[in-house]
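Derivation of every value follows stated rules applied to the coordinates shown; laboratory data play no part. Everything quoted here is computed from the prediction, not taken from an experiment. A quick note on method: Cβ atoms are made from the backbone with ideal geometry, for glycine too, and the neighbour counts reach across all protein chains shown.
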Amino acid sequence: MKRALVTTVVIGLMAGMAAADGTPQAAPWPEQLRLMRYFIMNLSSINAINGINLTREQAVQLRAMAREIEAVAPAAPDVNAALRPDFAEVRDTYLEDRTLLLAGQDVPDSVEKKVHQARTIESNVLRLSGGCPKPSAADCLRCHGEPSAADVRSLPDNKAVLAKDPAARGTGAEQFQAHEVCLLGKAGMALVHKYASRVDGIMTAEQKDVIGSFTCCLTPPKSMSDPVRAGQAQGGEQETKTLRWVRSVPASTWPTSKAWLLEKYRSALVMKAAGITEAEKEKVAAKVSAVCEKARGLSDTDFELQKDQLAGDLYATVHDSNKNAPDNYRLFMVARFLIGSGTVEAYDRLIQRLDTQKVATK
């Protein structure tokens with residue numbers, strides 16, 4: 001008994017120790033994964049809430065439901081937890097973005113660029129983690145084992161490493177279930193299902209049209225007074241940059257580069273269209289491939305004339321991928337963004353701004 005007690009105490013002390021250089025011990029890997037998922041969903045929710053011009057009455061009704069869900073869902077992850085170095089940079093950038101979004105402020109280009117870089121870092125870590133899953137695990141480790149690389153930012157040949165095929169995972173439906181239960185818990189997920197129709201009934205036809213095909217997004221449009229698809233700019237600078245890169249790749253390396261790009265799009269679909277099937281992902285990949293091949297085949301002049309249309313087509317391949325989803329799925333996802341865990345603070349801040357505006361106009 002004494003030996004067991006001593007062993008337990010020693011293990012407990014070791015778990016709380018910092019590294020030899022004084023760096024705090026990083027949080028368990030599943031907790032780090034959960035924090036990254038929380039940021040993606042929370043930032044997207046704030047964009048959705050800010051972007052559909054809710055009235056004060058609507059915001060109050062939605063906040064009431066969000067409070068009920070928050071009461072039964074697992075506690076939000078600790079945003080100040082010690083993380084692996086690359087995730088720490090991602091966390092700091094997302095917190096900067098979140099501060100602006102909660103205040104209803106525009107996100108400057110400098111921060112938007114940092115958010116894009118942070119998302120790339122996060123995606124690269126997740127890409128590596130998919131190559132070392134633990135199928136017998138009951139949590140995130142089932143699909144996302146902790147990568148051996150301590151910091152993806154220092155990988156000597158980033159693209160080559162990340163181009164490797166990930167290990168086989170569960171179906172789209174299984175991934176969707178796991179991601180939602182991770183943050184909402186089973187009780188919270190059940191409440192979102194229960195309130196999905198009520199959320200739909202609160203919104204106007206115009207609001208439903210705007211948010212009906214909403215997917216995860218981390219930054220809003222330049223002007224919050226003129227929201228485009230609830231915080232999602234349609235086919236813009238990023239898609240054009242991608243197409244310019246596509247055109248710059250030499251013919252000799254294009255097959256490899258194309259395969260890498262298509263896999264990035266397939267991976268993104270799991271986040272942007274949770275529950276999408278393998279067949280649907282391949283259909284989207286085929287559309288992306290067609291847009292890229294068309295862009296490569298154009299002369300410089302023709303590309304400049306058609307780049308906006310091509311960028312819009314490329315954007316639509318991912319962002320419109322859930323338009324034909326079943327009604328119950330669309331209703332769930334709209335409710336997920338508007339009343340999911342972590343949204344109460346967004347409503348508190350929105351209602352405060354609406355009250356301030358009302359006083360200012362008197």
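Extension gain, Leu95 to Glu57: 0.36 nm times the residue separation minus the Cα-Cα distance gives 10.8 nm. With R₀ set to 22 Å, the beta-carbon distance separating Tyr329 from Thr204 gives a calculated FRET efficiency near 0.55. Each peptide in 76-87, 209-220, 49-60 was scored by the mean count of other Cβ atoms within 10 Å over its residues; highest first, the order is 209-220, 49-60, 76-87.
Multiplying the residue separation of Ser148 and Ala251 by 0.36 nm and removing their Cα-Cα distance gives an extension gain of 33.7 nm. Here the gap between Ser289 and Asp302, fully extended at 0.36 nm per residue and compared with their Cα-Cα distance, gives a gain of 2.8 nm.
A Förster radius of 35 Å combined with the Cβ-Cβ distance from Asp78 to Arg353 puts the calculated FRET efficiency at roughly 0.80.
A simple spin-label model places the labels of Ala187 and Glu282 4.3 nm from each other, with each point 7 Å out along Cα-to-Cβ.
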